Amino acid sequence: MSKIVNKLIHQITQARKLGQQILEISGFKSEGIIYTYATADVLVINCKDYETLWSFEEGQVKLQETLKLLKSSIHTILIEKSGNPAYSW
């Protein structure tokens with residue numbers, strides 16, 4: 001593979017790991033989550049079902065507190081249902 005492809009794969013892997021770590025620190029379980037990833041500005045959480053989607057709506061304060069605790073530059077949290085945006089804050 002080319003150096004560019006390897007670099008992109010590494011960046012994607014790091015974004016997924018960071019998203020998972022944020023969820024773990026926030027106390028959320030990975031059940032019901034299709035994928036999550038985080039960039040410097042956005043945390044994206046893709047939910048499998050409405051029950052999981054609602055748990056993030058109810059727990060948004062926990063996510064925001066975790067981002068503050070980590071001194072993260074993330075300013076947008078996007079919650080998706082099966083790849084379609086449901087809401088963001």
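The values are calculated or read from the model by the stated rules, or taken from the named source; none is laboratory data. Small disclaimer: the values here were computed from a predicted structure and weren't measured. Cβ sites come from the backbone with ideal geometry, for glycine too, and all protein chains shown count toward neighbours. Keep in mind that these areas ignore ligands, DNA and RNA; they rest on the heavy atoms of the full protein, side chains included. Shrake-Rupley method; radii C 1.70, N 1.55, O 1.52, S 1.80 Å.
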Carbon-plus-sulfur fraction of the accessible area of the chain, 1.4 Å probe, in percent? 55 percent
Qualifying lysines (Cα of each under 16 Å from Cα of LYS48; at least 8 residues distant if same chain): LYS29, LYS81
Pair VAL42, LYS62: separation of 7 Å Cα→Cβ label points (nm): 2.4 nm
Net charge around LEU78, counting only other residues with Cβ within less than 13 Å of its Cβ (Lys, Arg = +1; Asp, Glu = -1)? -2
Hey, what's the Kirkwood Rh for the chain if you take every pair of different alpha carbons, in angstrom? 13.3 Å
Once phi for every residue in segment 19-28 is put through the Karplus expression 6.51 cos²θ - 1.76 cosθ + 1.60 (θ = phi - 60°), the whole-Hz ³J(HN,Hα) values, with Gly and Pro written as x, are x, 5, 5, 4, 5, 4, 5, 6, x, 8
How large is the helix-only mean residue ellipticity at 222 nm for the chain, computed as the sum of -39500 (n - 2.57) over DSSP H runs with n ≥ 4, divided by its residue count, in deg cm²/dmol to the nearest 500? -15500 deg cm²/dmol
If the only charges are +1 at each Lys and Arg Cβ and -1 at each Asp and Glu Cβ, what is the size of the charge dipole of the chain around the Cα centre, to the nearest 20 debye? 500 debye
Counting heavy atoms of the protein chains only and a 1.4 Å probe, report the per residue accessible area for the chain as a whole number of Å². 67 Å²
Lysines near LYS7 by alpha-carbon distance under 25 Å, same-chain residues fewer than 8 away left out - which ones? LYS17
For LYS48, what is the net charge nearby, where nearby means another residue's Cβ is under 11 Å from its Cβ and Lys, Arg count +1, Asp, Glu -1? -3
Could you tell me what percent of the DSSP beta bridges with both partners in the chain are antiparallel, to the nearest 5? 60 percent
